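A short write-up of the structure that comes next.
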Amino acid sequence: MTNSNTNGFNSSFGAIMAAAGSAVGLGNIWRFPYICGQYGGGAFLAVYICFVFLIGMVLMMSEFVIGRRTKMTPAKAYVALRPQRPVWRWVGILGLLTSFLILAIYLVISGWTLNYFWDSVTGALGRIGGEAGAYEEHFGCFASGAVRPVVFLLIFLGLTAAIVIAGVEKGIERISKLLMPILLVLLVLICVRSLTLDGASKGLEYLFLPDFSKLTGEGVLAALGQALFSLSVGMGVMIVYGSYLPVDDNILKSSMWITVCDTVIAILSGVAIFPAVFACGQEPTGGPGLVYQVLPVVFNSLGGFGGIISITFFLLLTLAALTSAISLLEALTAWLNERGMKRMKGVVLVSLCVAVLAALASLSFGDGILNNTHLYNILDKATGNYLPPICALLTIIFFGWFMKKDDIMDELSNHGTVKIGYFKVFYYFLARIVAPAALLIVLVAGIVGK
Ligand code: PHE
C-alpha cells in the first residue's frame, strides 16, 4: 500500500510553499546568523552557498524524484526502486528515525519560542529588562525549569498535530500558503527597523565582510551541516513531500525556488539580527542565547516600538518553526499510514512518543532536574552533526549509483514533456561524484578531527 490515500498537494505553488515551509525554520533564523558570524562572516557565507547549491539542492531534487516516482515513504521507496537490494530499506528507516529525533529537539526550542512570544504579548518579557545579564539569567532559569518549557512544547506539539491531522492539502498546503508570505513580510519589516538603527553598518560588516583567516576546517564542516539541516534534506522528509508533488510539477524549478527562498531568508535573518545586536552594544554570542538572551535587550532599547517588534519577531520564529515541525510529523505519520494506520491514529501515536522524548530532553537542558542524563546534548549532537550527513550520504549514493538513470531522467523531465537539456549531464555529475565525495570527506574529517 502506498501513502497516496493522502491525496497530495493540489498545486505547484502550494507544494513549493509547503516544502519551503519545511526548509525555513529555526535553522535559518537563529542558527544561521550565529554560525555565519562565528566562522568568518562573508567567507562562511560563500562556502555555505556553494554547499547549498552543489549538495543541498541536488539532494532535494533527488529526494523529490525518489518520492514522486514511488509515491512512497523512505521506508518503502528505496526497495521499490531496487527490489534486488532489500537492505536499502534500512536507509529509509534510519532517515525516519532521524526525523523523529530532530522533531523531539525541535519541539524543545519551538516551545521556548512560543513562550517568548507569549511573554512578549503579555509584556512580561519587557518588564524583565534593565540590568546587565537579566535576560541571560531569565533564559537559564526558564529553559531549565520543570513545568513551563514542557507545557509550551506540548502546546506547540498540539498545534502541529492539529494541522497534520487536517491532512496534506487542507492542513499543510493551506497553512503554508498563508504563513510563508506573512513570514517574509514580517522578516523584511524587522530588517528595515534593524537597518535604520544607529551603528547598524557594523553588524552588516560582521555578517558580510569576508575574512578568510577566520574560516577554519571546522567552519567548513559547520557550513555543510547547516546547509543540510536548513534545506531539510538527508532524512527523507523531502521524499515524503516529493510523493505529494503534482505530476506536472517541474522538480528542477521547484527545488531551485525552495533553495533560493531558504537561502534568502537565512541571509535576511542575519540582516535582521546583527545590525540590531551591534547597534545596542551587545555581543553576537551563539546558539539559543542570541535570540533569547540578546534580542530582548535590543527590543527593550527600542522604546515604544520595542514591544511590537518583539511580538513580531517571536511570532515569526514560531510560525517558521511550525511549518518545519509539521513536515517532520507528516513524514512519520505518512510512514505509519503506509503501514495501514489511519492518519488520526498515526498522528496521535507519534505525538505521544515524541512528547515523552521532548519533555525528557527539555528537563535535561542546562540545570534541569535530569541534567545528569545529558539527553539534550546527546540529541543535539546526534541530530545536528552526525545523523543528517550520514543519511544524506547514503541517499545520494543510492540515487547516483543504484537508481536507474532512465527512471531519473523520466521523472525529472515529467516523462519527456519538460526540456532539461545539458542540465541532466551536470546534475548527474553532481549527484554521482561531487555530492557524495564532498559528504564523505566532510564526514570523515568531522569524525577523525574529533
Ligand atoms: N529545515 C528546518 C530548519 O531550518 C529543520 C528541519 C530539518 C526540518 C529536517 C525538517 C527536516 O529549521
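One Cα centroid belongs to segment 28-46, the other to segment 326-402; the line between them spans 25 Å. The magnitude of the dipole of segment 235-362, with charges of +1 and -1 set on the Cβ of Lys/Arg and Asp/Glu and taken from the Cα centre, is near 380 debye. Would you work out which of Y386, S255, S301 lies farthest towards the positive end of the dipole of the chain? Charges go on Cβ: Lys and Arg +1, Asp and Glu -1. Final value for the positive-end residue is S255.
Dipole of the chain computed with +1 at Lys/Arg Cβ and -1 at Asp/Glu Cβ about the Cα centre; of V47, V418, T160, farthest Cα towards the positive end is V418. Could you state the angle between the C-alpha long axis of helix 306-338 and the longest principal axis of the C-alpha atoms of the chain, as a value from 0 to 90 degrees rounded to the nearest 10? Value to nearest ten degrees: 30. Going Cα to Cα from K404, which aspartates and glutamates come in below 20 Å? Please leave out same-chain ones fewer than 8 positions away. Qualifying aspartates and glutamates at Cα under 20 Å: E63.
Taking the chain as a Gaussian network of alpha-carbon nodes connected by springs under 10 Å, the highest mean-square fluctuation of the residues I239, I378, I408 belongs to I378.
Which GluC sites (Glu not before Pro) does segment 106-201 hold that lie in a coil by DSSP with at most 13 other beta carbons within 10 Å?
Numbers: sites: E131, E136, E137, E169, E173; in loops: E131.
Counting only loop positions with at most 13 other Cβ atoms within 10 Å, the GluC sites (Glu not before Pro) in segment 106-201 are E131.
Percent relative contact order of the chain, based on C-alpha pairs within less than 8 angstrom and at least six residues apart? So the answer I get is 34 percent. Based on alpha-carbon atoms, the Kirkwood radius and the radius of gyration of the chain give Rg/Rh equal to 0.96.
Work through the residues other than S269 whose Cβ is under 13 Å from its Cβ and net out their charges, Lys, Arg +1 and Asp, Glu -1.
Numbers: positive: R31; negative: D262.
With Lys, Arg at +1 and Asp, Glu at -1, the neighbours total 0.
Taking every protein chain into account, the accessible area of the chain amounts to 39 square angstrom per residue (probe 1.4 Å). Applying the Karplus relation 6.51 cos²θ - 1.76 cosθ + 1.60 with θ = phi - 60° to segment 176-184 yields 3J(HN,Hα) values of 5, 4, 7, 6, 4, x, 4, 4, 5 Hz, where x marks Gly and Pro.
Given the pairs K71/K405; K202/K381; K253/K342, which span a C-alpha to C-alpha distance of over 30 angstrom in this model? Beyond 30 Å between Cα atoms: K202/K381; K253/K342. Residue by residue, segment 69-75 carries 3J(HN,Hα) couplings of 4, 9, 6, 10, 7, x, 4 Hz when phi is fed to the Karplus relation 6.51 cos²θ - 1.76 cosθ + 1.60 (θ = phi - 60°); x denotes Gly or Pro. The C-alpha atoms of the chain define a longest principal axis, and helix 42-51 lies at about 20 degrees to it. Helix 387-397 and the longest principal axis of the Cα set of the chain meet at an angle near 30°. Taking all protein chains together and rolling a 1.4 Å probe, K424 ends up with roughly 90 Å² accessible.
Ordering M17, A445, F32 by Cα displacement along the dipole of the chain toward the positive end leaves M17 in first place; charges were set at the Cβ atoms of Lys, Arg (+1) and Asp, Glu (-1).
With +1 on each Lys and Arg Cβ and -1 on each Asp and Glu Cβ, how big is the dipole of segment 12-448 about its Cα centre, in debye rounded to the nearest 20? Working shown, then result.
Working: 27 positive and 23 negative charges, 289 e Å.
Dipole about the Cα centre, nearest 20: 1400 debye.
If you put +1 on each Lys and Arg Cβ and -1 on each Asp and Glu Cβ, how big is the dipole of segment 31-148 around its Cα centre, in Debye rounded to 20? Don't jump to the answer; show the numbers that get you there.
Details: 10 positive and 5 negative charges, 211 e Å.
For segment 31-148, the charge dipole is close to 1020 debye.
Calculated mean residue ellipticity, 222 nm, the chain: -22000 deg cm²/dmol, from DSSP H runs (n ≥ 4) at -39500 (n - 2.57) each, averaged per residue and rounded to 500.
The values are calculated or read from the model by the stated rules, or taken from the named source; none is laboratory data. Because the structure is a prediction, the values reported are computed rather than measured. When we count neighbours, we look across all protein chains shown, and the Cβ atoms used for this are built from the backbone with ideal geometry, even at glycine. Accessible surface areas use protein heavy atoms only, side chains included; no ligands, DNA or RNA. Shrake-Rupley method; radii C 1.70, N 1.55, O 1.52, S 1.80 Å.
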